[in-house]
1. Only counting other Cβ atoms within 10 Å, I'd like E77, E32 sorted with the fewest neighbours first.
2. Quick one: what are the phi-derived ³J(HN,Hα) couplings along region 97-103, Karplus 6.51/-1.76/1.60 with θ = phi - 60°, whole Hz, x for glycine and proline?
3. Along Cα→Cβ, 7 Å out, is where each label goes; now give me the distance between the ones at E41 and I104 in nm to one decimal.
4. Karplus couplings for region 70-76 from phi (6.51 cos²θ - 1.76 cosθ + 1.60, θ = phi - 60°), rounded to Hz, Gly and Pro as x?
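Please treat every number below as a calculation from the coordinates, not as lab data. Note that the coordinates shown come from a computational prediction; the quantities given were computed from them, not determined experimentally. Positions of Cβ are backbone-derived with ideal geometry, glycine not excepted, and every protein chain shown enters the neighbour counts.
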Amino acid sequence: MRKQLIQLFSLCLLVISTSTWAHSGGHGKVSEQQAVNLAFESVKKLTFKDYGLTIGKLDNSWNKVGKQDFELAEANEQQFIVKAKNDALKQEIFYIMSANGRIIDVVDKQAFKKEHGHHH
């Protein structure tokens, strides 16, 4: 029971912390390009602070990653998955966001493969 309460509390914290990342254009669906833009705009924030996402705080080299290094990997009615790559670190991360642009999680390639079940 205690473990379940801790998990529920952690989930609530994640929802609260990521709700501040939602786009500012209302609560409707965002386009695929807007999803990519949101990921690009948020990556620099992740180099300054750990927002409680799986990826934690990113290396400062992510500040130098260009918009061309972000691409839509997958989209469906419920969510977008945006892939970002950092050639300097040879690292790929995946933004998982809701259809309205709220960032649900950011994970590295290894964690993404395990959770998602296929490669991008």
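1. Values: E77 6, E32 12.
Ranked by crowding around the Cβ, least crowded first: E77, E32.
2. For region 97-103, the Karplus-derived couplings read 9, 6, 4, 8, x, 7, 6 Hz, x marking Gly and Pro.
3. A separation of 2.1 nm, rounded to one decimal place.
4. 10, 8, 6, 9, 6, 8, 8
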